[in-house]
Number of protein chains: 2
Amino acid sequence: MAFEDRENNHLAQQPFGQVPFLSDGELEIFESGACLLHLARKNSHLIPSDPVGDAQTVQWIIAALNSIEMVTVPWWFLEISGVEDNGLTEWLANRLDKIEKVLKDREWLAANRFTAADLLMADVLRVPKVRAFGDRPATERYVARVTNRPAFKKAYDDQLAHFAPAD
Amino acid sequence: MAFEDRENNHLAQQPFGQVPFLSDGELEIFESGACLLHLARKNSHLIPSDPVGDAQTVQWIIAALNSIEMVTVPWWFLEISGVEDNGLTEWLANRLDKIEKVLKDREWLAANRFTAADLLMADVLRVPKVRAFGDRPATERYVARVTNRPAFKKAYDDQLAHFAPAD
């Protein structure tokens, strides 16, 4: 399905015309971050059930959305728009340096284990243009660590299979 | 306290050097969105306790952070950097039009009542440069509705009072 059509179909339920959109019983949720939080809370595989682990996971989910993606996505958007001098580059470098520093000291972001926060952060950081920007070995290892998990590979393959008939 | 010093003091606990930082018992949380979620969940004044109302509130909190602020903040940053042609203006107009459309039909974002999502969305939309961009009467009324609440005015005055001695 063309992106334009997809936007029109979703607009009634999703005011910004984005996917994903989640329908679960009487719940209808847009915003990928909110969908992730809802699905992850259904069991403790992706969010620890203790209050500290839960809060740490939510904190890093919000950090991925609001401290990293808030810079990477507009920077990426300006890059592909072909602007001569991307005014967000210094901000991007600063944020990516900070997350590199965090990832030097730990394997996972929250609660010393893999959580939904890693799923989201790795998804934000694995964007090819972002990944190619600067030299950040700890981030590179982290992205590989998350995306090489069998569950990630399966989800990715399933997603591609889902969209294949529409192309 | 100068912003530079403040960043250094917080960096141990807050990797991106931002405020706020929340300490609550054994919990330590950075990211304003995560702090808001944590504080709001302590009772049902700011997040409804039923699953649908809760999910709607979380969804609109994430929308404020990841669909609106993701565009308004970088756009604002480029504006104050004095770029000649702000490459994010079209995207900003699009997102603000979408939220205007939402706010034409309802008084509050989630669960037909004031929630933490309104607190955050109004805080994102009340930035003077954003507020001055375009003609969006429903958004304007919404921002006024939230910021004129006695609790908002008190919090704002308290915050200014807190920073006053440092200036």
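Hey, among the residues in the stretch B:74-84 that are within 8 Å of chain A (Cβ to nearest Cβ) and surrounded by fewer than 19 Cβ atoms within 10 Å (Cβ to Cβ), which one's nearest to B:LEU125 (Cα to Cα)?
Among them, the one singled out is B:PHE77.
So for the stretch B:117-135 (the condition being over 18 Å from the mean Cα position of the chain (by Cα) and more than 24 Å from B:VAL52 (Cβ to Cβ)), does at least one residue qualify?
Yes, because at least one residue in the stretch B:117-135 is over 18 Å from the mean Cα position of the chain (by Cα) and more than 24 Å from B:VAL52 (Cβ to Cβ).
Being without any contact (Cβ under 8 Å) to a residue 24 or more places away in the chain, buried (at least 17 other Cβ atoms within 10 Å of the Cβ) and within 7 Å of another protein chain (Cβ to nearest Cβ) is the filter here; which residues of the stretch A:16-40 pass it?
Listed by number, the residues that qualify are A:PHE16, A:ILE29, A:PHE30, A:GLU31, A:ALA34, A:HIS38.
Scanning the stretch A:41-57 for residues that are within 8 Å of another protein chain (Cβ to nearest Cβ) and without any contact (Cβ under 8 Å) to a residue 40 or more places away in the chain, which turns out surrounded by the fewest Cβ atoms within 10 Å (Cβ to Cβ)?
For the stretch A:41-57, the residue satisfying everything is A:PRO51.
Given the criteria within 26 Å of A:VAL71 (Cα to Cα) and within 15 Å of the chain's Cα centre (by Cα), does B:VAL102 qualify?
no
What single numbered condition from (1) more than 29 Å from B:TRP76 (Cα to Cα); (2) modelled with pLDDT of 95 or more; (3) within 7 Å of chain B (Cβ to nearest Cβ) fails to hold for A:ALA63?
(1)
List the helices (runs of 4 or more DSSP H) inside the stretch B:59-165, counting only whole elements, that have at least 1 residues being within 26 Å of A:GLY82 (Cβ to Cβ).
Answer list for the stretch B:59-165: B:69-80, B:89-104, B:128-132.
Only one residue in A:ASN94, A:ASN112 is of a type in the set (S, T, N, Q) and either more than 13 Å from every other protein chain (Cβ to nearest Cβ) or in contact with a Ser or Thr (Cβ under 8 Å, 6 or more places away or on another chain) (or both). Which one?
A:ASN112
Would you mind telling me which numbered condition in (1) touching a residue at least 60 places away in the same chain (Cβ under 8 Å); (2) away from chain B (no Cβ under 13 Å) A:VAL146 fails?
(1)
From A:ARG141, A:ARG145, A:ARG106, grab the single residue that is charged (D, E, K, R) and either touching a Pro at 6+ places or on another chain (Cβ under 7 Å) or surrounded by 15 or more Cβ atoms within 10 Å (Cβ to Cβ) (or both).
A:ARG145
The values are calculated or read from the model by the stated rules, or taken from the named source; none is laboratory data. What you see is a predicted model; the values in this text were computed from it and never measured. Note that we place each Cβ from the backbone using ideal geometry, even for glycine, and neighbour counts take in every protein chain shown.
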